Amino acid sequence: KIHLFIMNTDGTGIKRLTFAGRYNSSPSWSPDGKTIAFAGQDKGHFDIFTIGVNGRNIKRLTSARKRNGKPSNNESPSFSPDGNHIVFTSDRTGRNQIYVMDSKGRNERRITVDRFNYEKPKWSPRL
C-alpha cells in the first residue's frame, strides 16, 4: 500500500495522512496550505479526494463511470491558484481528457474534447 505523508521542510515532523485505499498519489496542496487533493485507488479505480493537513475531513470528490458502467479513473488533481477549482484527468470517455470542478467536487465539466490522451494537468501560477 502507498499512503500520503507530510513533513516540515527540514525533514522533521513526519505525519502519515492517509490510512485507507491501496494506492494514494499525485498530491496537490491548496494555495492556503490547509488541504491536499490526491488520487486514491479504491475498489480497483482512482478517484479524486481531499484531506485536511491535520489528517481529517477526507472527502471523495469524483465518482464518474464510463459509458459501459464501469468506474472511471480520475487522477492528477491540481488546485487553481485561488483554490476555488481543481483540474484533473479522467478516462470516463475511453481516453484521458481534462476536467475541472470546484474545490468541493461540484460542477464538473470536461474542457478537452478530442482524440488525445492528457496527463498531469497543472494550473499556471497566474490566473
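Run down THR62, THR50 and say which single residue is β-branched (Val, Ile, Thr) and not in a strand (DSSP E or B).
On inspection, the qualifying residue turns out to be THR62.
Would you mention how many residues in the range 13-25 are crowded, with 19+ Cβ neighbours inside 10 Å and of a type in the set (Gly, Ala, Ser)?
1
Yes or no, residue by residue, for (1) touching a strand residue (DSSP E or B) at 6+ places or on another chain (Cβ under 6 Å); (2) open to solvent by 20 Å² or more (accessible area, probe 1.4 Å); (3) under 17 Å from SER26 (Cα atoms):
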residue	(1), (2), (3)
PHE38	yes, no, yes
LYS43	no, yes, no
ILE51	yes, no, yes
LYS59	yes, yes, yes
GLU75	yes, yes, yes
THR89	yes, no, yes
LYS104	no, yes, no
PRO121	yes, no, yes
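Can you tell me which condition GLY55 does not meet? The list is (1) assigned to a loop (DSSP other than H, G, I, E, B); (2) within 22 Å of TRP123 (Cβ to Cβ); (3) in contact with a Ser or Thr (Cβ under 9 Å, 6 or more places away or on another chain), and all the others hold.
For GLY55, the exception is condition (2).
Working carefully through the options THR12, THR89, THR18, find the one that is among the polar types (S, T, N, Q) and over 14 Å from the mean Cα position of the chain (by Cα).
THR12
Working carefully through the options ALA20, ALA37, find the one that is in contact (Cβ under 8 Å) with a residue 24 or more places away in the chain, of a type outside the set (D, E, K, R) and not in a strand (DSSP E or B).
When all the criteria are applied, what remains is ALA20.
How many residues does the range 71-87 hold that are under 25 Å from LYS43 (Cβ atoms) and either without any contact (Cβ under 8 Å) to a residue 12 or more places away in the chain or among the hydroxyl-bearing types (Ser, Thr, Tyr) (or both)?
Number of matching residues: 3.
As an exercise: evaluate ASP10 against (1) modelled with pLDDT of 95 or more; (2) in a loop (DSSP other than H, G, I, E, B); (3) surrounded by 20 or more Cβ atoms within 10 Å (Cβ to Cβ) and give the number of the one condition it does not meet.
(3)
Would you point out which residue out of ILE111, ILE86 is at pLDDT 95 or above, of a type in the set (Val, Ile, Thr) and under 20 Å from GLY33 (Cβ atoms)?
ILE86
The values are calculated or read from the model by the stated rules, or taken from the named source; none is laboratory data. Not measured: the values here are computed from a predicted model. Glycine also receives a Cβ, built like all others from the backbone with ideal geometry; neighbour counts cover every protein chain displayed. Surface areas here come from the heavy atoms of the whole protein model, side chains and all, with no ligands, DNA or RNA. Shrake-Rupley method; radii C 1.70, N 1.55, O 1.52, S 1.80 Å.
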